[in-house]
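**Student:** Take this structure first; my questions come after.
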Amino acid sequence: MTMNPIHLIQLTDLHLCGMPGDILRSGVNTDETLCALLKQIAVRKPQPDLLVATGDLAQQPIAAVYQRLQHYFSMPGCPVYTLCGNHDEAATASRLLNQGNVNYCADLLLKKWRLIFLDSSQPGRVDGELSASELLRLEQLLKHSAVQNVMIFLHHPPLKIDSQWMDRIRLKNSDALFAVIDRYPQVRAVVFGHIHQQFESTRGEIRLIGTPATSIQFKPKTLNMAIDSLPPAYRNFVLYDDGGFDTSIEWLR
């Protein structure tokens, strides 16, 4: 293990409204919860090397929302990498979340790790699908990556999580994703959002990791959508040179 591991924070399912407010009549103001978590992150020791925001950045995907988000994300002193979820509008997000320290959906080589950010959103759909071009981009990055450790981020879960309503709106072509990943043993983890709850599983040596939302949480293992009473959260990662990593959930205090 390195003495200087990578400290990464994942935020997901921010759901910022056209005007700051709540979603699903939950009483949770999603701008306020995001800003509260960013303040909590600002006093962390050590500070993160980067933040990754894995989709559903907006509840109403209009320019004003992404402009607010660009402002919020300019406050952490580290790079922020964003990608779209089913509530987002990719053309607007990619235009407005791609300046200063904020970057839209790409990949990053950092020490002994390559981080790959995939767009699983499809216009007008709640479920996810990786386009042929995204799958090709993933294949090319894995084929030509000299590093031994890869972590992949996307919005939609590539497997069932035992929650019937959510399993209907997962990534629809996960077989195509795994057909690529299974050829490259350097992939250590696939990390996602969308599910508004904590989740971990494995596929062979690969860890599959879902993260609670910065907004509201959903109760696990339910037939229909049900809001949980758990607070907003983010996920902390510590990535080591040897391919190992630690991860934990940090709840809003």
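**Student:** Can you spot a residue in the stretch 152-164 that is farther than 28 Å from V238 by Cβ, of a type in the set (G, A, S), without any contact (Cβ under 8 Å) to a residue 12 or more places away in the chain and surrounded by fewer than 24 Cβ atoms within 10 Å (Cβ to Cβ)?
**Tutor:** No, the stretch 152-164 contains no residue that is farther than 28 Å from V238 by Cβ, of a type in the set (G, A, S), without any contact (Cβ under 8 Å) to a residue 12 or more places away in the chain and surrounded by fewer than 24 Cβ atoms within 10 Å (Cβ to Cβ).
**Student:** Kindly list the number of the only condition in (1) under 29 Å from P123 (Cβ atoms); (2) of a type in the set (A, V, I, L, M); (3) in contact (Cβ under 8 Å) with a residue 60 or more places away in the chain; (4) surrounded by fewer than 20 Cβ atoms within 10 Å (Cβ to Cβ) that fails for M19.
**Tutor:** Exception for M19: condition (3).
**Student:** Go through the stretch 221-241 and give me each residue that's of a type outside the set (A, V, I, L, M, F, W, C), over 17 Å from the mean Cα position of the chain (by Cα) and surrounded by 12 or more Cβ atoms within 10 Å (Cβ to Cβ).
**Tutor:** Correct list: T222, D228, P231, Y240, D241.
**Student:** Scan the stretch 133-151 residue by residue and report those that are buried (at least 16 other Cβ atoms within 10 Å of the Cβ), at pLDDT 95 or above and not charged (D, E, K, R).
**Tutor:** L135, L138, L141, L142, N149, V150, M151, listed by residue number.
**Student:** On to the next question. Take the residues in the stretch 93-132 that are over 17 Å from the mean Cα position of the chain (by Cα) and under 24 Å from K172 (Cβ atoms); name whichever of them is surrounded by the most Cβ atoms within 10 Å (Cβ to Cβ).
**Tutor:** Filtering first and then ranking leaves S131.
**Student:** Another one. Select from the stretch 162-202 the residues that are farther than 19 Å from L135 by Cα and more than 18 Å from the chain's Cα centre (by Cα) and list them in ascending order.
**Tutor:** Within the stretch 162-202, D162, S163, Q164, W165, R168 meet the criteria.
**Student:** Another question about this same structure. Mind listing whichever residues of the stretch 67-88 are under 16 Å from the mean Cα position of the chain (by Cα) and either surrounded by fewer than 17 Cβ atoms within 10 Å (Cβ to Cβ) or among the acidic types (D, E) (or both)?
**Tutor:** The answer is D88, and nothing else.
**Student:** For the stretch 154-223, which strands (runs of 3 or more DSSP E) that fit wholly inside it have 1 or more residues that are aromatic (F, W, Y) and under 25 Å from Q59 (Cα atoms)?
**Tutor:** 187-192, 199-203
**Student:** Name the single residue, out of those in the stretch 22-41 being hydrophobic (A, V, I, L, M, F, W, C) and modelled with pLDDT under 95, that is surrounded by the fewest Cβ atoms within 10 Å (Cβ to Cβ).
**Tutor:** L24
The values are calculated or read from the model by the stated rules, or taken from the named source; none is laboratory data. Because the structure is a prediction, the values reported are computed rather than measured. Every residue, glycine as well, gets a Cβ built from its backbone with ideal geometry; the counts of neighbours run over all protein chains shown.
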